[in-house]
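The values are calculated or read from the model by the stated rules, or taken from the named source; none is laboratory data. Small disclaimer: the values here were computed from a predicted structure and weren't measured. Cβ atoms come from the backbone with ideal geometry, glycine included; neighbour counts cover every protein chain shown. Only protein heavy atoms, including side chains, enter the accessible area calculation; ligands, DNA and RNA are left aside. Shrake-Rupley method; radii C 1.70, N 1.55, O 1.52, S 1.80 Å.
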Amino acid sequence: YEQRYEVIERNYLVFPQKSGTLQIEPLTFNGVMIDSQQRRRMRVNEASEPSSLRVMPPPSEFTGNDWLPAKSLEVSETWQEDSKQIQVGDAITRTITISALGLLGSALPPTPHPNSTTIKSYPDKAIVESLPHDSGAQATRKESITLIAVNEGELTIPKITIPWWDTINKVQR
């Protein structure tokens with residue numbers, strides 16, 4: 001006697017938005033099973049058990065403005081051309097990429113844009129992506145900013161610092 005089954009597996013990724021108890025309602029399945037020996041169809045209804053999760057608040061030692069719990073987070077930048085010497089009226093493009101493992105792209109914060117009497121910044125729309133990963137999700141936020149020199153002078157562009165919580169080592173990075 002041979003029995004054939006079709007198996008459908010669904011994986012869900014849950015990102016709680018607040019601390020406390022998270023109730024997950026039972027998943028239900030409604031379908032049809034074919035009994036090949038008796039040549040008839042039978043309706044099948046099944047439900048999983050409900051689940052309950054305790055969602056912890058951010059640790060008190062976390063000092064960032066945006067709660068970013070991740071396995072890793074990296075910030076990188078590229079410049080369209082050599083940015084050490086530019087003339088008034090010149091435009092250069094700075095691209096900043098934030099990559100995180102264990103977060104959705106929508107959780108990654110925008111980066112600050114420098115504006116001063118020396119330079120004006122014109123950001124393009126950010127490209128935000130979330131891809132499935134063994135660790136849940138892999139997120140990327142890519143921002144391109146065109147900087148135009150409007151006056152003569154020296155400008156130091158401040159570093160970008162994004163505090164995040166290392167979920168593996170349980171420390172702020």
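Average accessible surface for the chain: 77 Å² per residue, computed with a 1.4 Å probe over protein heavy atoms with every protein chain in place. Counting Lys and Arg as +1 and Asp and Glu as -1 over every other residue whose Cβ lies under 10 Å from the Cβ of residue 124, the net charge comes to +1.
Suppose every K and R has +1 on its Cβ and every D and E has -1 on its Cβ; what is the size of the dipole of the chain about the Cα centre, in Debye to the nearest 20? Can you show the working numbers first?
Values: 18 positive and 21 negative charges, 128 e Å.
Computed charge dipole of the chain: roughly 620 debye.
Ordered from highest to lowest accessible area with the whole protein assembly present and a 1.4 Å probe, 10, 39 read as 39, 10.
Given their separation in residues at 0.36 nm each and the Cα-Cα distance between them, residue 80 and residue 32 gain 11.4 nm when the chain is fully extended. Can you bin the chain into rounded, prolate or oblate? Criterion: square roots of the alpha carbon gyration tensor eigenvalues sorted a ≥ b ≥ c, rounded for a/c under 1.5, prolate for a/b above b/c, oblate for the rest. Verdict is prolate for the chain. For residue 32, the accessible area of its heavy atoms, probed at 1.4 Å with every protein chain present, is near 80 square angstrom.
For the pairs 18/159; 18/170; 142/170; 120/159; 18/125; 125/170, flag any whose C-alpha to C-alpha distance is greater than 25 Å. Walk me through the numbers on the way to the answer.
Working: 18/159 30 Å; 18/170 19 Å; 142/170 27 Å; 120/159 17 Å; 18/125 28 Å; 125/170 33 Å.
Over 25 Å apart, Cα to Cα: 18/159; 142/170; 18/125; 125/170.
The share of Cα pairs per 5 Å bin across region 1-100, counted from zero up to the longest distance, runs 2, 7, 10, 11, 9, 9, 9, 8, 8, 7, 6, 5, 4, 2, 2, 1, 0 percent. Name the shape class, rounded, prolate or oblate, that the alpha-carbon gyration tensor gives for region 94-173, where a ≥ b ≥ c are the square roots of its eigenvalues, rounded holds for a/c under 1.5, and otherwise prolate holds if a/b is larger than b/c and oblate otherwise. Since a/c reaches 1.5 but b/c is at least a/b, the shape of region 94-173 is classed as oblate.
Ligands, DNA and RNA left out, the accessible area of the chain computed with a 1.4 Å probe is 48% carbon and sulfur.
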